[in-house]
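**Student:** Below are the structure tokens for one structure; questions will follow.
The values are calculated or read from the model by the stated rules, or taken from the named source; none is laboratory data. This one's a predicted model, so the numbers in the text were calculated from it and none came from an experiment. Note that we place each Cβ from the backbone using ideal geometry, even for glycine, and neighbour counts take in every protein chain shown.
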Amino acid sequence: MRIGNYFGIPLKVNPFFILLLAVAFVYGRLWEALLLFAIVLWHESFHILMAKAYRLHVTDIELLPFGGVTRLDALLQLNPEIEWLVAIVGPISNGLLVFFAYGFMPYLDVDPMWFDFFIQANVGMAVFNLIPALPLDGGRVLRSLLAKGRGFKDATRIAAICGQVLSIGFVAWGGYLTFRGQMQGLMYVFAGVMLFFAARQEQKNASYIFMRYLTHKKQELRLKRVLVAKDIVATVETSLGEVLQHFQPPCYHLVWILDLEGQVVGFISEMELIAALFEHGLSHKVGAIQAHRI
């Protein structure tokens, strides 16, 4: 549900987040919940700033019961070097708040209870998001590292499985606490269920991201009828990552492949290279792709 704009970016709130605020109000903890709301916005703001630094378009921000998500209208996953930077600045931003809090504490008249809550909330959010499991920031860092050698699809599958295993652990721990009569265990169960389905959705999205790229290029060809082509020359030993560094949108790229003697082996199109990148990763050699012969 959209509740407004945040620096021109649509701000959405998950219905379960509103439920969380309602429960907090009933138990007299609304101000703590609103402070968490502000901390989440601070966290997501750093994702936005890093995305803007790389000229990536942010489509919206959604607040979830266990954090937030900044959605980008860009195939960020195709560039692991950028994805991990956009992801890691979130937890770093919470670390900065802790640093500032301790730095300014001697000069401010703050209730120790609120100070402790502020520190615990930021440390908890940073540590939680650093867990290497999708859809958390740590999972995106893990995927970016794995994608270099295993390909985007396999890297997403591994990171998403980590997220599902983590969510099962949350549900089990929450169930145990609830059985012991500690009602806060229900929050762990709730967070675990949400995390499980979010991790599954990330895994499903891997194929959609690839199809979105292909659809985008096909629509460009259909609408514009003509695209400016850019020729790139690579040897059979050149990696996909090395070729990708020379892509210059909005051009359509054709990669000419030469053997080590400088003879033309064939060529591959941009879409074929991206398909190989999803399957095999950045370190895969261009020469291992089936090329079109002249």
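**Student:** Within the range 273-294, which residues are in a loop (DSSP other than H, G, I, E, B) and not basic (Lys, Arg)?
**Tutor:** Residues satisfying the conditions are Gly281, Leu282, Ser283, His284, Ile289, Gln290, Ala291, Ile294.
**Student:** Separate question: Among the listed residues Arg143, Arg222, which satisfies the condition of being part of a helix (DSSP H, G or I) and in contact with a helix residue (DSSP H, G or I) (Cβ under 9 Å, 6 or more places away or on another chain)?
**Tutor:** Arg143
**Student:** So, in the range 1-30, of the ones that are β-branched (Val, Ile, Thr) and farther than 15 Å from Leu63 by Cα, which residue ends up modelled with the highest pLDDT?
**Tutor:** Among those that are β-branched (Val, Ile, Thr) and farther than 15 Å from Leu63 by Cα, it is Val26.
**Student:** Continuing with this model, one more query. Hey, any hits in the range 202-222 for a residue that's buried (at least 17 other Cβ atoms within 10 Å of the Cβ) and modelled with pLDDT of 75 or more?
**Tutor:** yes
**Student:** Then there is this: In the range 91-103, is there at least one residue being out of contact with any Ser or Thr (no Cβ under 6 Å at 6 or more places or on another chain) and closer than 23 Å to Ala155 by Cβ?
**Tutor:** Yes - at least one qualifying residue is present in the range 91-103.
**Student:** Moving on. Restricted to the range 115-140, and to residues that are free of Cβ contacts under 8 Å to residues at least 40 places away in the same chain and in a helix (DSSP H, G or I), which residue is surrounded by the most Cβ atoms within 10 Å (Cβ to Cβ)?
**Tutor:** Ala126
**Student:** Tell me which residues, restricted to the range 224-252, are of a type in the set (Ser, Thr, Tyr), farther than 17 Å from Gly149 by Cβ and at pLDDT 85 or above.
**Tutor:** Thr235
**Student:** Then there's this: Out of curiosity, is Lys153 touching a Phe, Trp or Tyr at 6+ places or on another chain (Cβ under 7 Å) and modelled with pLDDT under 80?
**Tutor:** Yes: the conditions hold for Lys153.
**Student:** Out of the range 123-149, which residues are touching a Ser or Thr at 6+ places or on another chain (Cβ under 9 Å) and more than 16 Å from Val69 (Cβ to Cβ)?
**Tutor:** Residues satisfying the conditions are Ala126, Leu146, Ala147, Lys148, Gly149.
**Student:** Okay, moving on. Any idea how many residues of the range 253-294 are under 18 Å from Ala229 (Cα atoms), surrounded by fewer than 18 Cβ atoms within 10 Å (Cβ to Cβ), modelled with pLDDT under 90 and touching a Lys or Arg at 6+ places or on another chain (Cβ under 7 Å)?
**Tutor:** Residues meeting the conditions: 1.
**Student:** If Leu64 passes every condition in (1) buried (at least 16 other Cβ atoms within 10 Å of the Cβ); (2) modelled with pLDDT of 85 or more; (3) of a type outside the set (Phe, Trp, Tyr) but one, which one does it miss?
**Tutor:** (2)
**Student:** Which of the residues belonging to the range 229-272 are assigned to a helix (DSSP H, G or I) and free of Cβ contacts under 8 Å to residues at least 40 places away in the same chain?
**Tutor:** Glu242, Glu272, listed by residue number.
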